Amino acid sequence: MHNLQSAIRNLQSKIRLYWPLTKSLQTGLLLSTGLAGYMSARCPVMHWYDFLGLAVSLFLAIAGSTIINMWYDRDIDASMKRTCDRPLASGQVSPTEALRLGLVLSLLGVGMAVVMSPLYGLVVFAGLFFDVVIYTLWLKRRTCWSIVWGGISGGMPILAGRVFGLGHVDGIGILLALAVLFWIPTHILTFSMRYHEDYQAAKIPTFPSIYGFLATRTTIAISSVLAALSIAIAGVLIGMEWGFVRLLAVLSAGLLLLAVASVFRPTERVNFGLFKYASLYMLSAMILLSI
Amino acid sequence: MKITLLDRILLLATGLLAAWQVAVGINGANTLPMIAYTIAFGVLLVAGLLLIILGFDVLESPIVVIVSTVIPLSLSLGLVWEHLAACRTVYLVFVIVGFLAILLTRLLPLRNILPVMVLAFVHGIAGLTIFLLPIVWTLTGRAAPGFALVGVGGALIGVGGLLLALLKAGKPLLSRSTILKVLPGLLLLMTAAFVAGFALA
């Protein structure tokens, strides 16, 4: 009995340490896009085990790739004020332990996806490959344009969900993935402006450090327009009810208002407000696509 | 003044009510009134979200005066278009000219009383329309009794607009902290009155 209690306590403390490695909010947001992609396929019959399988496999793959990303970037995290307390950077979890955990979760996620549907598994694998190999290992430390590849991998969950629902890749799925790709700069570039000095100290090339703040803000505004347009067109093509299209248009107008305000009246508050609003916007858009 | 958890909850409830109204629309409304109502409730929704995210400091922005004008103008335009067919064109012209006048007097560096006069006139006409039209229509039996709630919402938006406008003009009726304390509740009550009024009309 005593051993069991101690084992449970040990497991609880491990989960408490491992959970931050998954960047739960980011993983949750990407997972919501995957589930929305599936729901957008309007499957004639939706089985709970398909839905659950999709959620579990996507969660494992996204969390796994995030942990591998955090494992590889632990030196960057340790050199930045914002991230130096993370479990890997602060030495609470050993690099080997984190790498093993990331690989196991990734393999389980991709493996489960392949068993559920080979094409779905391929898209999930592509997302993981773009994120880990192209974005993290190859480009992140070399060019600020790496976010394009980060964006492509970010668009894979929604495409994967739709592919799983339909059984094939279609134009709407690509459009939804593009919407996430265009939304990613709003999310990442606002963040890289807020923590500009941290990234410079870590010698990570970012848009603000290469092209300056005005160009970065303009990029954010343009990509916000493109993201909103892509989601709206996809919504109409999916057959979203007009009431929801109206609501999406209103939320998009808020996003554009903030993006334009950040170009013409830039302040730290507006910049971080845009970052937060963009997350809320994506989550709302995914809920609307799913209804 | 820092935004509290209760403020956030009230603003979220305001946003959700406004979102619901945008999604379900107004029964029987044609294209133009539907667009007008969508803009009014859409601004309420986005304003609620921005207040939650950015806090009360967002009210300091000069854009707030311009954006907050959109709510009474578009709401009153929807009401006039639906219920006062004879005045449609005149009121549409008033809304466009009024909005442009507020926009210009706010963007140009004018140091006289003109910006406040223009704001008070345009807000006043739009606010009175939202307040009086539903109540008169209800009293004369041209609309169901519940429609009067839209007028109640109009009165509340008038109170809120007056408090904020006088605060910004440097002649506040109440202290800044009192105004900000009642603002989230006032916004929720106002939105609830509009939504209930349109549902019961």
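The values are calculated or read from the model by the stated rules, or taken from the named source; none is laboratory data. As the structure is a computational prediction, the values presented were derived from the model and not from experiment. Neighbour counts run over all protein chains shown; Cβ positions are idealised from the backbone, glycine included. Side chains included, ligands, DNA and RNA excluded: accessible areas come from the protein's heavy atoms. Shrake-Rupley method; radii C 1.70, N 1.55, O 1.52, S 1.80 Å.
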message: In the range B:7-38, what residues drop by 40 Å² or more of accessible area when the other protein chains are put back, versus the chain on its own? Use 1.4 Å, and skip ligands and nucleic acids.
response: B:22, B:23
query: Between the range A:255-273 and the range A:78-121, what's the alpha-carbon centroid distance in Å?
result: 34 Å
task: Give, as ranges by residue number, the residues of the range B:89-112 whose backbone N falls under 15 Å from the point 7 Å along Cα→Cβ of residue B:132.
output: B:91
task: Compare the peptides A:190-200, A:147-157 by average per-residue count of other Cβ atoms within 10 angstrom and give them in order, highest first.
output: A:147-157, A:190-200
- line: The pairs in A:14/A:203; A:81/A:276; A:140/B:2; A:81/B:168; A:14/B:2 lying past 30 Å Cα-Cα in this model are A:14/A:203; A:140/B:2; A:81/B:168; A:14/B:2
- line: Check: C-alpha center the range A:135-162 vs C-alpha center the range A:276-290, spacing in Å is 20 Å
task: At q = 0.13, 0.20, 0.22 Å⁻¹, work out log10 I(q)/I(0) for the range A:1-109 with the Debye formula, treating every Cα as an identical point scatterer and leaving solvent out; two decimals please.
output: -0.59, -1.02, -1.12
message: With every protein chain kept in place and ligands, DNA and RNA left out, what is the accessible area per residue of the range B:45-196? Probe 1.4 Å, answer in Å².
response: 48 Å²
statement: With a 1.4 Å probe and ligands and nucleic acids left out, the total accessible area lost when B pairs with A, in Å² to the nearest 100, equals 1400 Å²
field: Dipole in debye (nearest 20) - the range A:24-103, about Cα centre, beta carbon charges: Lys, Arg +1; Asp, Glu -1
entry: 120 debye
task: Would you mind giving the mean number of other chain beta-carbons within 10 Å of the Cβ of each residue in B:43-54, as a whole number?
output: 5
query: Hey, got the average number of other protein chain Cβ atoms within 10 angstrom for residues in B:63-69?
result: 1
- prompt: Considering chain B as a Gaussian network with a 10 Å cut-off on Cα pairs, which listed residue, B:11, B:180, B:110, attains the greatest mean-square fluctuation?
  reply: B:110
task: Report, in order of residue number, the helices in chain A meeting two criteria: a C-alpha extent of 20 Å or more along the helix axis, and a mean Kyte-Doolittle hydropathy of at least -0.5; treat each whole DSSP H run as one helix.
output: A:24-40, A:48-72, A:95-116, A:146-166, A:171-194, A:213-238, A:242-264, A:268-290
statement: Relative contact order in percent for chain A (Cα pairs under 8 Å, 6+ apart) equals 20 percent
task: Mind ranking B:94-100, A:121-127 by how tightly packed they are, going by the mean number of other C-beta atoms within 10 angstrom, highest first?
output: A:121-127, B:94-100
query: Residues with beta-carbon under 14 Å from that of residue A:160, excluding residue A:160: net charge, scoring Lys, Arg +1 and Asp, Glu -1?
result: -2
- request: Can you send over the carbon and sulfur percentage of the accessible area for the range B:1-54, probe radius 1.4 Å, protein chains only?
  value: 73 percent
query: Looking at the P(r) of chain A, how many percent of alpha-carbon pairs lie beyond 25 Å?
result: 49 percent
task: Would you mind telling me which residue in A:176, A:251, A:17 has the biggest mean-square fluctuation in a Gaussian network model of chain A, where springs connect alpha carbons within a distance under 10 angstrom?
output: A:17
query: Using a 1.4 angstrom probe and counting only protein chains, how large is the accessible area of residue A:276 in Å², to 10?
result: 90 Å²
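About its Cα centre, what dipole magnitude does chain A give when the only charges are +1 on Lys and Arg Cβ and -1 on Asp and Glu Cβ, stated in debye to the nearest 20? Let's see the in-between values first.
Numbers: 21 positive and 12 negative charges, 102 e Å.
Using Cβ point charges on Lys, Arg, Asp and Glu, chain A gives about 480 debye.
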query: Put +1 on the Cβ of every Lys and Arg and -1 on every Asp and Glu Cβ in the protein assembly as shown; which of A:219, B:80, B:197 then has its Cα farthest towards the positive end of the dipole?
result: A:219
statement: Rounded to a whole number, the mean other protein chain Cβ count within 10 angstrom for residues of A:243-254 is 6
Dipole of the range B:69-199, positive end: most advanced residue of B:129, B:183, B:109 [Cβ charges, Cα centre]: B:109
query: What's the Cα-based Rg to Rh of the protein assembly as shown, Rh via Kirkwood?
result: 1.03
